[in-house]
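Presented below is the structure to which this report refers.
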Amino acid sequence: MSGFTVEEKTNIYGAKIKVVGVGGGGGNMINHIIREGINNEDGMKTVDLIVANTDAQALDSSTAPNKIQLGEKKTRGLGAGMQPSVGKEAAIESYEEIKTTLEYSDIVFIASGFGGGTGTGAAPVVAQAAKEIGALTIAVVTTPFKFEGSKRMRLAIEGINELKKECDSVVVVPNEKLSNIVDRKAGIKDSFKLVDSILARAVNGMSSIVLSHGDSDINLDFADVKTAMSHRGLSLMGVGEAQGDGAAQEALKSAMQSPLLDDMDIKGAMGAIVHFTIHPDCPMSDMTEAMEIIESAADPDADIFWGTKCDLSMPIDKVLVTLVATGFSDNNVSKLQPSKEVTPAKSEEPKESIFSRRRVSGLDININSDDLDIPTINRHQLD
């Protein structure tokens, strides 16, 4: 595998990172980062958190330090009504404010729940502004649960195709796959809390790999991240954890087999970032042996980088892994589509994934299919 590269480096400080939550789903993720104190962790303290929404009420209730009211004239603060065209027009109206807010960024993360109006329509415009100022632009978006209906999924896929035109990388988290990694017994609030957590973990993992600077951390510089994340096309993430002998290898295998990767083969990726969260005394050889798994599975020409973040509170033999695989071909976008016939989740028999169900990093959250018929407006802001 002469063309294959696996690298680890010491961080070059100074990269300016901003995270924009667009629409209800993106705003919820930003609120989750703040509520859970993730923004106070090493690697996130210097990250600017921003929310952008057409819904004035949602902005008022947000705990984010930076807020952008999208399309004040267009929507009068009343939202986009599940119309991406309205979300797009609102963002265009506020384009200069968006650009000014994002100025001096090296990396801009755009987080959003797709399938509604604001996130789906406005996120590509925010991405355009980020690219115009010269930032590496990475979107992390969710696609709807199947129970939300085929229209939302169609809008989400159309939005992803628009977003890909503006972003260096688009990481897609299929909400429907979450039922394969958690039990199905919790309330609807907890299921969407899990969505927020997955989005936050993706952003936190990619930010930490650049910005964490503990004595025992292994970091990547901005150029490395840009190389890995600049492969056009679809990107997906996997999460895994393990404890005991060979934990790093097992956690990485788990991440590579994560249902969040939507059954796609890592060999189809042209780039990847692997982020290990470990105890400082975890043997370095564990990580290097784990990376051999990626080397044997990935494309020979793939650009793969890895880093670590040390956590003294973790057991020495426990490892958490966040894997972001980039550069999947455009053909893979169609795989995100559900079957044409959409039925309520509770009418289906539970299906076991080909992968074993597992708890997601530190979360004891279950999804209850009996709660899935609650109307969206009563459940969680998705627009």
With a Förster distance of 41 angstrom and the Cβ-Cβ distance between E132 and D281, calculated FRET efficiency to the nearest 0.05 equals 0.35
Subtracting the Cα-Cα distance of R35 and A223 from 0.36 nm times their residue separation yields 64.6 nm
Phi-derived 3J(HN,Hα) across region 233-248 with the Karplus relation (6.51, -1.76, 1.60, θ = phi - 60°), rounded Hz, x for Gly and Pro, is x, 6, 10, 9, 10, x, 10, x, 8, 7, 9, x, 4, x, 4, 5
Output row, site M264, 7 Å Cα→C-beta label point, backbone N cut-off 19 Å, window region 94-117, residues 109-115
Pseudo-spin-label distance K45 to N161, built 7 Å along Cα→Cβ, given in nm, is 4.6 nm
Each label sits 7 Å from Cα toward the beta-carbon; between E103 and D245 the label points are separated, in nm, by 5.9 nm
Counting only backbone N atoms under 19 Å from a point 7 Å out along Cα-to-Cβ of S329, the residues of region 219-253 in range are 231-236
Under the Karplus relation with 6.51, -1.76 and 1.60 and θ = phi - 60°, whole-Hz ³J(HN,Hα) for region 139-144, x at Gly and Pro, equal 9, 10, 10, 9, 9, x
Subtracting the Cα-Cα distance of S61 and L312 from 0.36 nm times their residue separation yields 86.9 nm
Stokes-Einstein, Kirkwood over Cα pairs, region 67-179, 10 °C, 1.306 mPa s; D in µm²/s equals 114 µm²/s
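Readers should treat all values here as calculations from the given coordinates under stated rules, not as data from a laboratory. Not measured: the values here are computed from a predicted model. So basically every Cβ, Gly included, is an ideal-geometry build from the backbone, and we count neighbours across all protein chains shown.
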